[in-house]
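The next block holds one structure in the form of structure tokens; read it before the comments.
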Amino acid sequence: MGNETHAGLPEGIAEILEQRPIRLGTRASPLAMAQARMTAAALRERWGLTEDQVELSPVVASGDRITDRPLADVGGKALWTRELDWSLGGGAIDLSVHSMKDVETVRPDAFHIAAMLPRADVRDVLLGATSIEALPQGARFGTSSPRRAAQIRSIRPDITTVLFRGNVATRIGKLQAGEADATLLAAAGLDRLGETLDGLVSARLDSDTWLPAPSQGAVGVEVRADDAPMRALIGGIDNAPTSICVRAERALLFALGGDCHSAVAALARMDGETVHLRAMLYSEDGAEHVAGEARFAPGDAQGPASLAAELLARAPETITRLFNPA
């Protein structure tokens with residue numbers, strides 16, 4: 001390959017490694033650190049790098065510091081990426097590792113999502129009951145997610161939602177302390193942290209009937225758009241099926257014009273050579289929803305856009321007012 005050195009590394013990387021390690025930026029939360037270590041391991045395996053040739057550079061994100069208010073009230077998803085963006089844009093790190101469901105749909109032109117790791121379990125895990133139907137009448141459900149709140153109230157309108165923010169351990173602790181009767185966590189996060197949920201009643205919800213958040217279970221790696229060596233290095237660990245499906249889900253979000261107040265569930269899967277994208281939009285209280293699906297070729301942005309337009313055309317005002325389509 002024309003862009004590789006004799007050692008097999010993309011052009012320019014060997015010169016960087018002669019001076020310093022690859023600097024991998026990550027949030028400092030336990031889950032983010034676990035995902036960063038996965039990324040570092042993938043880079044070492046793909047390119048034959050040594051342990052000390054990739055180093056982690058953790059930062060404390062605003063979203064991890066502010067846990068007493070809903071995300072939508074204090075800056076939205078940018079609270080998860082802002083500090084990493086400063087470090088990446090300023091050259092303090094070479095790449096940022098993100099949970100893709102926490103990344104804003106529109107990113108600065110200065111950055112490029114160069115790779116995604118193989119997607120983990122996309123399902124939500126219900127903690128506190130064996131099923132949503134098994135929750136007691138008037139149960140308190142802990143969440144900060146408009147999507148999860150709307151989904152559960154669409155099935156059980158008697159349920160009351162209470163604010164649950166914080167990392168995985170914090171939310172499990174709040175549940176065990178009796179601050180709520182049940183909550184939902186992403187299976188991917190529990191699995192990556194090795195949480196066993198000893199003593200907690202739980203159930204993984206079927207993604208065929210309970211759609212997850214767009215990009216749930218996906219880890220993305222972002223670099224500076226003008227950094228050709230790093231783009232080539234990171235591109236070497238890209239999992240194509242994950243990238244195709246997550247980019248389709250993000251294209252849907254972009255076309256919908258949703259924000260942190262919008263209750264959106266979506267999941268794309270590869271069906272042979274075709275992308276199958278399913279989505280549901282909810283009113284804030286979950287009383288109304290609209291569902292749809294589409295099939296299209298990988299990389300076809302018009303497929304998600306057409307599905308978004310169709311959903312909004314059929315949705316009642318209680319849903320459409322939550323979106324600002326492009």
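The values are calculated or read from the model by the stated rules, or taken from the named source; none is laboratory data. Since this is a predicted model, take the numbers as computed values, not measurements. Ideal geometry is used to build each Cβ from the backbone, glycine not excepted, and the neighbour counts take in all protein chains shown.
When A7 is tested against (1) part of a loop (DSSP other than H, G, I, E, B); (2) modelled with pLDDT of 95 or more; (3) not hydroxyl-bearing (S, T, Y), just one condition goes unmet, and that condition is (2). Which number in (1) part of a strand (DSSP E or B); (2) farther than 30 Å from I319 by Cβ; (3) of a type outside the set (S, T, Y); (4) in contact with a Pro (Cβ under 9 Å, 6 or more places away or on another chain) marks the one condition that A266 misses? Exception for A266: condition (2).
Please verify whether the range 240-249 includes one or more residues that are surrounded by 21 or more Cβ atoms within 10 Å (Cβ to Cβ), without any contact (Cβ under 8 Å) to a residue 60 or more places away in the chain and in contact with a Leu (Cβ under 9 Å, 6 or more places away or on another chain). Yes, some residue in the range 240-249 is surrounded by 21 or more Cβ atoms within 10 Å (Cβ to Cβ), without any contact (Cβ under 8 Å) to a residue 60 or more places away in the chain and in contact with a Leu (Cβ under 9 Å, 6 or more places away or on another chain).
Restricting attention to the range 108-127, which residues are in a loop (DSSP other than H, G, I, E, B) and crowded, with 19+ Cβ neighbours inside 10 Å? It would help to see each step written out before you state the result.
At the first step, the residues of the range 108-127 found to be in a loop (DSSP other than H, G, I, E, B) are 108-110, 117-123.
Listed by number, the residues that qualify are L117, R119, A120, V122, R123.
Of all residues in the range 270-302, exactly one satisfies the criterion of being free of Cβ contacts under 8 Å to residues at least 12 places away in the same chain and closer than 18 Å to T242 by Cβ, namely G272.
Looking only at the range 210-225, decide whether some residue is assigned to a helix (DSSP H, G or I) and more than 14 Å from the chain's Cα centre (by Cα).
Within the range 210-225 (the criterion being assigned to a helix (DSSP H, G or I) and more than 14 Å from the chain's Cα centre (by Cα)), the answer is no, since none of the residues qualifies.
Exactly one residue among R165, R192 is in a loop (DSSP other than H, G, I, E, B), in contact (Cβ under 8 Å) with a residue 60 or more places away in the chain, crowded, with 17+ Cβ neighbours inside 10 Å and of a type in the set (D, E, K, R), and that residue is R165.
Do you know which residues across the range 144-162 are at pLDDT 95 or above and part of a loop (DSSP other than H, G, I, E, B)? If the condition is that a residue be at pLDDT 95 or above and part of a loop (DSSP other than H, G, I, E, B), then R156, P157, D158, I159 are the ones that fit.
Results for (1) in contact with a helix residue (DSSP H, G or I) (Cβ under 8 Å, 6 or more places away or on another chain); (2) surrounded by fewer than 17 Cβ atoms within 10 Å (Cβ to Cβ); (3) at positive phi, shown as yes or no for each residue.
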{"site": "A139", "(1), (2), (3)": "no, no, no"}
{"site": "T170", "(1), (2), (3)": "no, yes, no"}
{"site": "Q176", "(1), (2), (3)": "no, yes, no"}
{"site": "L184", "(1), (2), (3)": "yes, no, no"}
{"site": "L205", "(1), (2), (3)": "no, no, no"}
{"site": "S215", "(1), (2), (3)": "yes, no, yes"}
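Among the residues making up the range 198-209, those that are in a loop (DSSP other than H, G, I, E, B) and of a type outside the set (S, T, Y) are D198, G199, L200, V201, L205, D206, D208. Within the range 287-296, does at least one residue satisfy the condition of being within 22 Å of the chain's Cα centre (by Cα), assigned to a strand (DSSP E or B) and of a type in the set (V, I, T)? For the range 287-296, residues within 22 Å of the chain's Cα centre (by Cα), assigned to a strand (DSSP E or B) and of a type in the set (V, I, T): absent. Taken as a whole, the condition of being out of contact with any strand residue (DSSP E or B) (no Cβ under 7 Å at 6 or more places or on another chain) and either surrounded by 18 or more Cβ atoms within 10 Å (Cβ to Cβ) or outside the structural domain of L95 (by TED's automatic domain parsing) (or both) does not apply to R224.
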